[in-house]
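Read the structure below first, then the notes.
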Amino acid sequence: MAAAQSSSIPPSNVEYGGDEISAIVLDPGYSSMRAGFAGEDVPKAVVPSDYGILGSGSEEKYLFGDNSIHTPLPGLSIKNPMSKDGTVEDWDTATKVWEHAITSRLTSGKAGDPATNGLNDPSNEDGDAKMETADEGEKPLEENPLLMTETGWNPAKSREKAIELAMENWGCPAFWLARNGVLSAFAAGRASALVIDLGASNVSVTPVHDGLVLKKGVTRSPLAGNFVSDQLRLLFSSSQPQIPLTPHYLVSSKQPVDAGSPAQATYKTFANPPDASFRRLQEDRVLTEFKESVVQVWGGPGRLSSGAQGTTNEDVVKTWPGRPFEMPDGWNQVFGAERFKAVEGIFDAKAALSDADHPAPTQNQTLPALIQASLNNVDVDIRPHLLGNVVVTGGTSLLYGLTDRLNSELQQLYPAVRVRIQAPGNTSERRFASWIGGSIVASLGTFHQMWISKKEYDEHGAGIVEKRCK
């Protein structure tokens, strides 16, 4: 029986591809997955986690990538391999989505005749994204070490499944699994930080001390990007008159109309329409545009519903200029105070809209409560240091005014402590923070001795990831 490789012995260049071949960093999430080479500033591949399914049974066909899943094909249904808590639910399909991103954008095939490189091929009418197939016996990452990110609450079985996928399916020479809270802190240049990650399906608070996650202090709730989208749906449906939410693919042509007037549009009809899940995905795209251009967070102090001298802060924002928005069918309106309501539930549960399908959140799920619960579960001596290094990341954190409100809430909760928020103005740095942190770590020469090699995996099995990747 071969002796186990000592973890103190640096890996050979042969095992890890040396300095000539970059590691690949894979950062999966509920909304999208990011992949790229270590040492680069931004990921080369940003692919939706959603995928499409056509047909059923033996004729079932999978579609991956933006171009494919947004084409209204007959009977097309949309699914997501990730669960709403940010961990992988369907490993078989998640593997296919990740392979599509890696093989289509990162690992190019062998050099060939430029005339047959695919650019001159006839267009594929059904919009299907074909994955490049490796030669028989060839695996997609035989030459590239893989650093993969995970949530702070990823279960042990999922961690072991990740290293099995990398080593067995993809043939990686080396592997590492890193907590995305730690990587986001590293991306901000901090070894210790309170990382607040506002994604699509989850908002999480992760205390990081000296490069390690303090697991007792990790808190999370579903009041994130998808929650804001649901709040907008409730806001639109409860408005008088109702605000129409018609996705782009249903509109054939439109005429300009005055603000608030009914849309004058010609709509498409489909003999065999896509599944309802396809329409919801397209509605989410419209809501994302709305969130980016209209939705605003009340910056404080206090809540939107609070105020002084008989007036509320909502009365104050009613005097502010509105923000216009036009729906895909031409309906348009200038949005005033209502643009603040959709996101207020993240900070104040009482302000959240609800119905039978969308129950009201609890106060414990709000962002200020998550931060308090997180800090209450860590050593009192390091709390001031964490509050002095608050790192805000995730796509939902880009909502206008959110960091101002967060700063106001923290000042109210901890008036005796100096609070400093690190929130990069660069959109890419905020959206891809954990990937950027992984890119930095995996490109360090000193990190080469940290990798779990294929030899170690063969010797110890998948359980080694629990011992090595803390």
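Summing charges over neighbours of residue 388, with a neighbour being any other residue whose Cβ is under 11 Å away from its Cβ, gives +4 when K and R count +1 and D and E count -1.
Rounded to the nearest 20 debye, the dipole size of the chain about its Cα centre is 1680 debye, using +1 on the Cβ of Lys and Arg and -1 on the Cβ of Asp and Glu.
Across the chain, the relative contact order, built from alpha-carbon pairs under 8 Å that are at least six residues apart, equals 21 percent. Looking at the chain, the accessible area is 48 square angstrom per residue; that uses a 1.4 Å probe and ignores ligands, DNA and RNA.
For the chain, DSSP calls about 70 percent of its internal beta bridges antiparallel. Rounded to the nearest 10 square angstrom, residue 334 shows an accessible area of 80 square angstrom against a 1.4 Å probe. If you count the DSSP beta bridges with both ends in the range 133-262, what percent of them are antiparallel, to the nearest 5? Taking every DSSP beta bridge with both residues in the range 133-262, the antiparallel ones total about 70 percent. Each peptide in 195-206, 310-321 was scored by the mean count of other Cβ atoms within 10 Å over its residues; highest first, the order is 195-206, 310-321.
Rolling a 1.4 Å probe over the protein chains gives residue 161 an accessible area of about 80 Å². Only protein atoms count toward the accessible area here, which uses a 1.4 Å probe; on the range 225-351, the carbon and sulfur part of that area reaches 50 percent.
Ranking 176, 435 by solvent-accessible area of protein heavy atoms (1.4 Å probe, all protein chains present), from largest to smallest, gives 176, 435. A 1.4 Å probe over all protein chains sorts 34, 220, 420, 383 by accessible area into 420, 220, 383, 34, starting with the largest. Our note on the geometry: Cα centres of the range 318-388 and the range 397-470, 23 Å apart. Counting helices only, and only those DSSP H runs with n ≥ 4, report the 222 nm mean residue ellipticity of the chain as the sum of -39,500 (n - 2.57) divided by its residues, in deg cm²/dmol to the nearest 500. For the chain, the value works out to -8000 deg cm²/dmol.
Given the C-alpha centroids of the range 160-223 and the range 38-61, what is the distance between them in whole angstrom? When both Cα centres are located, 22 Å separates them.
Ranked by accessible surface with a 1.4 Å probe, highest first, in what order do 100, 448 come? Each step should come with its number before you reach the end.
On the way: 100 20, 448 50 Å².
So the residues, ranked largest to smallest area, are 448, 100.
The charge dipole of the range 225-351, taken about its Cα centre with unit charges on the Cβ of Lys, Arg, Asp and Glu (plus for the first two, minus for the last two), comes to roughly 80 debye.
The values are calculated or read from the model by the stated rules, or taken from the named source; none is laboratory data. Because the structure is a prediction, the values reported are computed rather than measured. Ideal geometry is used to build each Cβ from the backbone, glycine not excepted, and the neighbour counts take in all protein chains shown. Just the protein is used for accessible areas: all its heavy atoms, side chains included, with ligands, DNA and RNA removed. Shrake-Rupley method; radii C 1.70, N 1.55, O 1.52, S 1.80 Å.
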